[in-house]
Amino acid sequence: METTLILFKPDALHRGLVGRVLSRFESKGLQIVAMRMLRMTDEIAARHYAEHVDKPFYPGLVAFMTSSPILALALRGPEAIAVARKLMGKTFGLEAEAGTIRGDFGCSKSFNLVHGSDSAASAERELGIYFPDGLQDWETIQHPWLWDAE
């Protein structure tokens, strides 16, 4: 089992897409093990986007991500990171395949609706930023119907 961080960015909230996008992750079989609505601060942005601090797009990224609330989710399932990234589609909406979240709902380079961890190491680091008190371990009655026993 893997757990990944998903952020619903300000554009997803402002456009009223949270329910539609969240249902895609749940329909695929990913389990919500934590959820939190918050306002990203400059400090959180600096921790989350540490590898981008010196890049020219960083100030605009932080301005966007701190402009209004975001929704942070921890999703769990077999290969959750790869599954979530495939559901999200390519970073830029115009390049994302139809049927993906960004392909169906996005058409911008700056506003791409969601963030998902890109590796197990990133997921561990990012989940610690947004859920310092940990995640909720629980098992739905659907598990045997969604995930192989191995």
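Relative contact order of the chain: 35 percent, from C-alpha pairs under 8 Å at least 6 residues apart in sequence.
When each of the peptides 7-19, 46-58 is scored by the mean number of other C-beta atoms lying within 10 Å of its residues, the order from highest to lowest reads 7-19, 46-58. When only the Cβ of Lys, Arg, Asp and Glu is charged (+1, +1, -1, -1), the dipole of the chain relative to its Cα centre reaches about 600 debye. Hydrophobic, long helices, defined as DSSP H runs whose alpha-carbon span along the helix axis is 27 Å or greater and whose mean Kyte-Doolittle value is at least 1.6, do not occur in the chain. Which one of LEU61, PRO132, LEU146 is farthest out on the positive end of the charge dipole of the chain, using unit charges on Cβ (Lys, Arg +1; Asp, Glu -1) and the Cα centre as origin? In the chain, that residue is LEU61. Taking the charge dipole of the chain about its Cα centre, with +1 at Lys and Arg Cβ atoms and -1 at Asp and Glu Cβ atoms, the residue from GLN31, LEU17, ALA45 reaching farthest to the positive side is LEU17. Put simply, when 34-44, 74-84, 102-112 are sorted by average Cβ atoms within 10 angstrom per residue, most first, you get 74-84, 102-112, 34-44.
Rule-based calculations on the coordinates, nothing more; no lab input. What you are looking at is a predicted structure, and each value in this text was computed from that prediction instead of being measured. Positions of Cβ are backbone-derived with ideal geometry, glycine not excepted, and every protein chain shown enters the neighbour counts.
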